[in-house]
């Protein structure tokens, strides 16, 4: 089973469509979309929401250990071009300084970089690190449900110094995530397979 945590519907829409995920569980604390071996929850913006939704999804659907977990979303970066897909080799909470190191035990066409979770929109664009608002909240909870090789964060770059965050629209976010859909789907399949192998 793969569990995907995404802040906004505009970020999740390409994956929902590609996998044929259907909304279930009305009414629910968080919108959930399911199909066969994938569950996706929309958590809203911010690390607290991400942490709460991750724990809720785990509890609501049986609390099984050893499943795959993915935080998918968008981020800003000082150098990467718009639409770059990034897989975290480190997740860091800017406020607390805590960090996590996902185990990249598989090949990926995605760029690997540090993902830094901030509590407020990052006004400037440092040259290193992707800046976003959910990954640390997600990881701080999901790490208790699985192992580092099955808990990952993937972000698509939607803003940089030439295209600042105030220019992001829902349509742009959806378009840029859709551009990286082949790599995202490959990542999802890899995580599902690794979770399945772990159960054998």
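How tilted is helix 170-179 with respect to the longest principal axis of the chain? Cα atoms for both, answer in degrees (0 to 90, nearest 10).
Roughly 70 degrees between the two axes.
Helix 47-60: angle to the longest alpha-carbon principal axis of the chain, degrees 0 to 90, nearest 10?
Compared with the principal axis, the helix lies near 10 degrees.
I want the antiparallel fraction of DSSP beta bridges within the stretch 2-199, as a percent rounded to 5. Show your work: numbers first, answer last.
Details: 15 of 43 bridges.
The answer is about 35 percent antiparallel.
By how many nm would the segment from residue 37 to residue 104 grow when fully extended, if each residue of separation counts as 0.36 nm and the alpha-carbon distance is taken off? Please list the in-between numbers first.
Working: separation 67, 0.36 × 67 = 24.12 nm, distance 2.18 nm.
Result: 21.9 nm gained on full extension.
P(r) for the stretch 37-92: what percent of alpha-carbon pairs falls in each 5 Å bin, starting at zero?
In whole percents, the pair-distance histogram is 4, 13, 24, 21, 19, 12, 5, 3, 0.
Along its principal axes, what span do the Cα atoms of the stretch 3-97 show, with the longest given first and each in whole Å?
If we take the Cα atoms of the stretch 3-97, the spans are 40, 31, 25 Å.
With the cut-off at 13 Å, report for the stretch 69-109 the share of all Cα pairs above it, as a whole percent. Each step should come with its number before you reach the end.
Values: 544 of 820 pairs.
Considering the stretch 69-109, 66 percent of its Cα-Cα pairs are separated by more than 13 Å.
Which value at 222 nm does the chain reach when only helices count, each DSSP H run of 4 or more adding -39,500 (n - 2.57), with the total divided by all residues and rounded to the nearest 500 deg cm²/dmol? Please report the intermediate quantities before stating the final value.
Details: 5 runs with 62 residues, N = 200.
Only helices count here, giving -9500 deg cm²/dmol.
Based only on other Cβ atoms within 10 Å, what is the fewest-to-most ordering of 35, 60?
Working: 35 13, 60 16.
The order, fewest Cβ neighbours first, is 35, 60.
Over all directions, what mean area does the Cα convex hull of the chain project, stated in square nanometres?
On the way: hull surface 40.4 nm².
Orientation-averaged projected area of the Cα hull: 10.1 nm².
Counting other beta carbons within 10 Å of each residue's own, what order do 24, 41 fall into, fewest first?
Listed from fewest to most nearby Cβ atoms, that is 24, 41.
Please give the helix 9-19 orientation as an angle from the longest Cα principal axis of the chain, in degrees from 0 to 90, rounded to the nearest 10.
The helix 9-19 is inclined about 50 degrees to the chain.
In which sequence would 144, 58 go, from the one with the fewest C-beta neighbours within 10 Å to the one with the most?
On the way: 144 11, 58 22.
With the fewest neighbours first, 144, 58 line up as 144, 58.
Coordinate-derived values only; no laboratory data. Just so it is clear, the model here is predicted, and its values are computed rather than measured. Ideal geometry is used to build each Cβ from the backbone, glycine not excepted, and the neighbour counts take in all protein chains shown.
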